[in-house]
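Working notes, beginning with the structure itself.
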Amino acid sequence: MTTRLKKKPAGGVPPAVRDYVRARFAEKSGTMEIAPMAGDASTRRYFRLIQGPKTRVLALYPEPFNPSEMTFTVIRDLLASYGVGVPEIIEVDGERGILVLEDLGDLTLQEILKDAEPSEITDLYREAVDRLVVVQEAATRGPQKASCFHVAFDIEKLSWELHYFAKHFLEGLKGADLSAEDRSTLGESFHRLAEEMASWPRVLCHRDFHSRNLMRHHGSLYWIDFQDARMGPSTYDLASLLRDSYVDLPEEFVDERAEEFRQRTAPGEAKDSFRRRFDLTSAQRNLKALGTFGYMALVRENPVYLQHIPRTLQSARRNLHRYPELGSLLRVLSRHVEELE
């Protein structure tokens, strides 16, 4: 099947943003440049506000919000209390759907890795893993009143993500013609995987903890895009980090970082048991990412994520082939996606 994709034209600066900047900043201290920034897979839009040497980032949400109940602000304050580097909030205009944030720059972990020496890469990932451990431990010990503690990767959510993959990647992007038997096998396999993952003890998860959401600022890794944090398996963020759709990491490197994480978070758990949890989480996470890439290409008409599909498929294949009990799932998927054979 040939899929025809259209590239959306880049949008300009909305009048609401210009009006807000003019009222809140420009009149106070001169002219301010508004530069659109590359967005993510969400409906938010980002703009860099440049005024001489000083810069800020403006996030424009599609709808108004109540700042005191907004998940981004609540979780930002929570992570800051745990000692995690997160952007400062400078201004909030909930009626206009605007947040103005500290500008962390453009140096993501993904960009750093392109020119980093092996020793620097190891240090960066150890720092990332260390912060994960700190957050999981602090969140477990402290109060759990925030909304992120009351939503979870339960059976329903994990299953939904897997069916999202089937709809937008398998049938959508790949054009798979699934038989009734295929659908039944996928449904049963998805449920078994989701049921097992949902049965594991839960910790607070960033939910999208990969190289594009970690930025180096003031010599440390800062977290961004954390507004969808929720409870889930301790291996969820680790899988996002080490089975990243955007970077290649050697298997030996992945094994070492995963083992360091196990020693700090589950020293009493057998290596094989922990590795199973990590691998199954990685497989589920990669399939969900493929669903997102398919959705962005076909529904949002944004093909930028297509380049990351081969790496994600390779990672999914590696983990699906490791466990015989995933054989039924693998057989259906490999009939329609040759990269998984």
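The values are calculated or read from the model by the stated rules, or taken from the named source; none is laboratory data. As the structure is a computational prediction, the values presented were derived from the model and not from experiment. A quick note on method: Cβ atoms are made from the backbone with ideal geometry, for glycine too, and the neighbour counts reach across all protein chains shown.
Some observations on this one:
- Condition met for Leu287 (touching a Gly at 6+ places or on another chain (Cβ under 7 Å) and not small (Gly, Ala, Ser)): no
- Within the option set Asn319, Asn302, being modelled with pLDDT under 95 and buried (at least 17 other Cβ atoms within 10 Å of the Cβ) holds for one residue only, Asn302.
- Residues of the stretch 42-87 that turn out to be among the charged types (D, E, K, R) and over 14 Å from Gln227 (Cα atoms), as a count: 5
- Some residue of the stretch 293-309 being over 20 Å from Glu256 (Cβ atoms), over 16 Å from the mean Cα position of the chain (by Cα), assigned by TED's automatic domain parsing to the domain that holds Ala166 and polar (S, T, N, Q): yes
- Picking from residues in the stretch 45-82 that are of a type in the set (D, E, K, R) and over 27 Å from Gly12 (Cα atoms), the one that is surrounded by the most Cβ atoms within 10 Å (Cβ to Cβ) is Arg76.
- Leading residue by the ranking (nearest to Leu214 (Cα to Cα)) among those in the stretch 108-125 that are touching a helix residue (DSSP H, G or I) at 6+ places or on another chain (Cβ under 9 Å) and surrounded by 14 or more Cβ atoms within 10 Å (Cβ to Cβ): Leu109
- Scanning the stretch 186-216 for residues that are within 19 Å of Ala80 (Cα to Cα) and surrounded by fewer than 17 Cβ atoms within 10 Å (Cβ to Cβ) yields no hits at all.
- Contact map, the stretch 287-306: first residue touching a residue at least 24 places away in the same chain (Cβ under 8 Å), second residue among the β-branched types (Val, Ile, Thr) and in a helix (DSSP H, G or I), Cβ cut-off under 6 Å, separation 6 or more or different chains; pairs are Ala289/Thr312; Leu290/Thr312; Phe293/Ile309.
- The stretch 138-149, residues that are surrounded by 15 or more Cβ atoms within 10 Å (Cβ to Cβ) and either out of contact with any helix residue (DSSP H, G or I) (no Cβ under 7 Å at 6 or more places or on another chain) or of a type in the set (Ser, Thr, Tyr) (or both): Ala138, Ala139, Phe149
- Cβ-Cβ distances below 8 Å connect the following pairs, each with a first residue in the stretch 161-189 that is in the same structural domain as Leu333 (by TED's automatic domain parsing), a second residue that is part of a loop (DSSP other than H, G, I, E, B) and at pLDDT below 95, and a separation of six or more residues or different chains: Leu173/Thr3; Lys174/Met1; Gly175/Met1; Gly175/Thr3.
- Residues within the stretch 287-338 that are of a type in the set (Asp, Glu) and closer than 17 Å to Gly187 by Cα, tallied: 1
- Annotation note: of Leu162, Leu124, the sole residue that is under 17 Å from Arg216 (Cβ atoms) and of a type outside the set (D, E, K, R) is Leu124.
- Any chance Ala316 is more than 30 Å from Ala59 (Cα to Cα) and either assigned to a loop (DSSP other than H, G, I, E, B) or of a type in the set (Gly, Ala, Ser) (or both): yes
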